[in-house]
Amino acid sequence: MKQPIFLIIFFFSTACLSQVKKNDATSFYEKDMAVCGGQDSIFARKGKWKKAGADNLVFPDKTFPKNQYKFSFARLDSILAMVKASISDLSGMEPRWQRNIREDSYIPGGPVPYHLSNLFYGYYCNTNLNKILLSNETSNWIYIFVNKMSWFFQDIAKWYINDDGKQRTIYQLPVKTGTWKGMTVYEPDYFNGTPAKVTYRTLVIGRNGKIPWRSLTQREYLTGLRNDYESKLNKIKTGSGFEKDYLNKLNYINDYLSNTEEETLKKSAVIDPKSGIWGFKGKFGDEEAGGYRLVLFAGNKKYFDASVPRYVPQLIQLMWTYNTNEPVALHFKEQFEENFPLEKLKAMIR
């Protein structure tokens with residue numbers, strides 16, 4: 001199975017420019033801005049919404065008729081109107097947007113994936129030229145993925161978690177970081193090499209309020225981990241340091257399984273970040289303290305409704321990203337977080 005991809009929206013909360021100026025994270029930009037007239041000169045530049053080239057139709061689902069693309073585009077246009085309305089003050093920024101119909105459905109003949117991507121270039125002071133220019137790259141994006149998920153799960157392993165002889169792909173669920181307008185927000189941390197100042201956030205809207213994944217139970221997690229370690233033990237040299245390490249890890253697993261009541265083993269496994277997935281030492285974690293879950297993707301025939309047209313949204317992931325050190329990025333983030341009509345987006349789900 002392909003790794004699921006969710007619709008993600010990047011959001012920002014409205015604040016007056018004087019409030020943005022007071023943010024400590026932006027203070028180190030003030031010196032550079034001064035040679036161009038200060039931050040007010042940056043925000044005096046007013047951008048316009050522009051389309052970023054032609055529609056992206058790379059590798060769309062071949063079973064989806066081209067004469068129905070217009071129905072997907074119509075829904076993306078409605079979503080774009082929501083984004084535009086939420087970010088009405090384009091001081092210091094220049095937005096670009098693009099419609100995309102890409103990838104196959106999760107199930108044969110199922111809902112077709114498509115998405116809207118929005119990037120926000122910012123004006124800045126070029127201290128070499130001593131003039132204000134528009135940047136040619138940005139960390140500020142809004143993505144709205146329909147009928148798919150993206151940059152959400154991390155593919156961890158393929159494990160035998162039950163006694164049915166079936167191997168299953170296990171994914172890591174991002175850490176929960178709070179709620180926004182009543183929905184759980186996650187922060188994926190899988191972007192190796194990304195500067196720490198860039199924040200990624202996402203949320204998922206599913207059919208009938210149901211999410212397309214389920215958490216592994218404690219028993220399933222420990223069974224899968226034990227089977228993995230036992231398989232590796234069979235491939236290493238007897239008496240080696242690796243053997244001792246695996247046997248020690250298996251002792252923790254077997255002791256927990258033997259001494260824990262079945263009702264507890266049926267609970268969701270929350271990984272302790274101090275031990276990680278592969279270092280279980282008889283203790284599970286707490287989501288309030290940064291613990292995370294391992295899940296199975298459940299985006300299958302039971303989840304999706306085959307009776308509705310394929311272009312109808314049945315799953316939406318919103319993902320947003322922004323640079324926490326840039327005044328323009330914070331201005332964008334603050335508007336979106338405050339104004340985006342999430343309920344209208346949720347209403348598109350059928």
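The values are calculated or read from the model by the stated rules, or taken from the named source; none is laboratory data. Quick caveat, the model's predicted, so the values are computed rather than measured. Neighbour counts are summed over all protein chains in view; Cβ atoms, including those assigned to glycine, are modelled from backbone coordinates with ideal geometry.
Remarks
- In segment 278-294, the residues that are farther than 16 Å from Pro188 by Cβ and without any contact (Cβ under 8 Å) to a residue 12 or more places away in the chain reach residues that are surrounded by 12 or more Cβ atoms within 10 Å (Cβ to Cβ) and of a type in the set (D, E, K, R) with C-beta atoms within less than 8 angstrom, at least six apart or across chains, in these pairs: Lys283/Asp272.
- The conditions of being under 29 Å from Glu230 (Cβ atoms), among the basic types (Lys, Arg) and in contact with a helix residue (DSSP H, G or I) (Cβ under 7 Å, 6 or more places away or on another chain) are met by Lys281.
- Looking only at segment 293-310, and only at residues there that are in contact with a Lys or Arg (Cβ under 8 Å, 6 or more places away or on another chain) and within 27 Å of Gln154 (Cα to Cα), the one that is modelled with the lowest pLDDT: Ala298
- Leu203 vs. criteria at pLDDT 90 or above, out of contact with any Asp or Glu (no Cβ under 9 Å at 6 or more places or on another chain), outside any strand (DSSP E or B) and within 30 Å of Tyr303 (Cα to Cα): no
- Residues in segment 104-118 that are within 22 Å of the chain's Cα centre (by Cα) and surrounded by fewer than 20 Cβ atoms within 10 Å (Cβ to Cβ): Asp104, Ser105, Ile107, Ser117.
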